[in-house]
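Data block below; observations after.
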Ligand SMILES: Nc1ncnc2c1ncn2[C@@H]1O[C@H](COP(=O)(O)OP(=O)(O)OP(=O)(O)O)[C@@H](O)[C@H]1O
């Protein structure tokens, strides 16, 4: 319910002795008693702890105090002094320096203070301190950049090689990491592994959400480009350009001359070079390719149209079901096939998965010249490569062979044959990542269910010819293989030559793809290595991004709460109670300013704070009101609790029966 009291957060707020500004609250979670109420805007008379008002007025020369780590920090006429809290032997405590870890871990909380997340109400009578000093001294998030930042004062953090490990919880001592408050680009911003380190042993049970990958080891966004926080440029560019390519052109419907709708597909756009009515080298019919959007699932598919095909035997579609069931990483998946007259002729349509910005082995390695009319794909780059006269490296050839053999194994095992193993029907969908394309077309076009075994043998011969084509670019269909084999023997390994000879030579015994796999031997392991390495790289990138969703959820909740104009008829709802803490926290994270008054736009600071908040660390931070009149020392755990409680309040508004989560 809306109300002015900070009912849940265990905070120590030291209020100014008099005058306007936010009033202060000290709430003990152990007792649940509220001595004072935090109210933003000032001017509201607050109920204070009995007797505390009088005591607070005593040290007139010192304005305010902030109690952290069990130290009182005094400022008088611009000088800052430290002294231990009452009852502590001053000699037993070394004078802490700004930013020193000794300060951080110097004095564990007493039992009493631990139970209440900090200091008790009796500390309200402590002298008052004005946090006018720079951040490193005052630890104020809204103070200016620390004036002192020397190597000697840099905390001696544990080695970074442990970064990304488990976040130790810090519930034994107050662990206020001053370096985290530093907004000076020259200082550590805590984006290194230090934010996870407290020199304490690991605790059980483990919190799985704390197993985040190492945060970017950058100190400040002004020194490092923002994109260094995110996935590498190359990878991002590839993914983004693919995503863009998927729907490019489909917004304006089908291209001119193409049907508006074709069954459940619409927005047909031709892909690949303009083909006109030129028959396909492989199919003997014109076989243009379109991308189209399915109105069933909204996805984009690749439609291959075989022009001028009239189905005479329905059994020709028999193998389509088997092809549809084959889901293989090296085969372009066939979704469905049908005939249509929508193009004003008899056409056969086969629907495949669409792989944006893909190319073919022909375009990549064998195309004689760049296709000026084609779209801006890998083909133009490929043609340039080819013109440079570079032979295809052997490892690439083996990679292709391995993947094709893998695809053939799956196809032959399903009692099918590829039948179109041609460089133009081997799709390159990524770096050295290939997929057999156009599968099933010839099963319908040249229906011949009786001779699958023969077609499988032909597949192996086609593979041999494909390898020759890749290794010897002047190979012509029908040419005697002696010269190409000689070329391969001179430029590639004997293993490769042996394999080609096996594939293209006629044999009395039927050949099998299993024999091909055996002949490849350890080369397959190279491919396995490459795939796993790549998978590691991607997984690494994914692990760095995986927590983004948590941060967005957190920001969304804060957005729902911060600056809400009114809730349950209370126009000051978002400025009072727990919401006031969240408001100050928002200021702490986003609205810090530098010495010159310019806004500090330190992404590492924001990410650090939000990650700590999400993890609910016991680490404490000091929140300062906008008029610098009051301070709250509050832990991330308490702030997190405030967010959850307040968000639940919003969710359950007007629905008393709705359960809290
Ligand atoms: N499933 C698919 N996803 C994305 N692009 C594809 C897909 N299938 C084919 N393409 C693209 O369509 C273009 C044309 O492919 P196609 O198989 O027709 O090659 P082609 O060289 O024109 O062969 P053909 O001589 O048989 O017509 C190629 O650039 C290819 O990258």
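For region 422-531, go through all pairs of different Cα atoms, get the mean of 1/r, take its inverse, and jot down that Kirkwood value in Å.
Details: mean 1/r = 0.0641 Å⁻¹.
Hydrodynamic radius (Kirkwood, Cα pairs) of region 422-531 is 15.6 Å.
Evaluating kT/(6 pi eta Rh) at 4 °C and 1.567 mPa s, with the Kirkwood radius of region 276-336 over Cα pairs in the Stokes-Einstein relation, gives 95 µm² s⁻¹.
Taking the Cα atoms of region 493-585, the ratio Rg/Rh between the radius of gyration and the Kirkwood radius comes to 1.61.
Over all projection directions, the Cα-based convex hull of region 222-346 averages an area of 11.2 nm². One way to sum up the overall shape of region 568-661 is the equivalent ellipsoid from its Cα gyration tensor, whose semi-axes run 27, 17, 12 Å, largest first. Cβ crowding within 10 Å ranks 468, 488, 639 as 468, 488, 639, fewest other Cβ atoms first. Dividing the convex hull volume of the alpha-carbon atoms in region 503-661 by its residue count gives 249 Å³ per residue. Compactness check for region 537-588: Cα Rg over 2.2 N^0.38 Å is 1.60.
Every number here is computed from the coordinates shown, using simple stated rules; none is lab data. Predicted model only: the values in this text are computed from it and were never measured. Cβ coordinates were reconstructed from backbone atoms using ideal geometry, including for glycine residues, and neighbour counts include every protein chain displayed.
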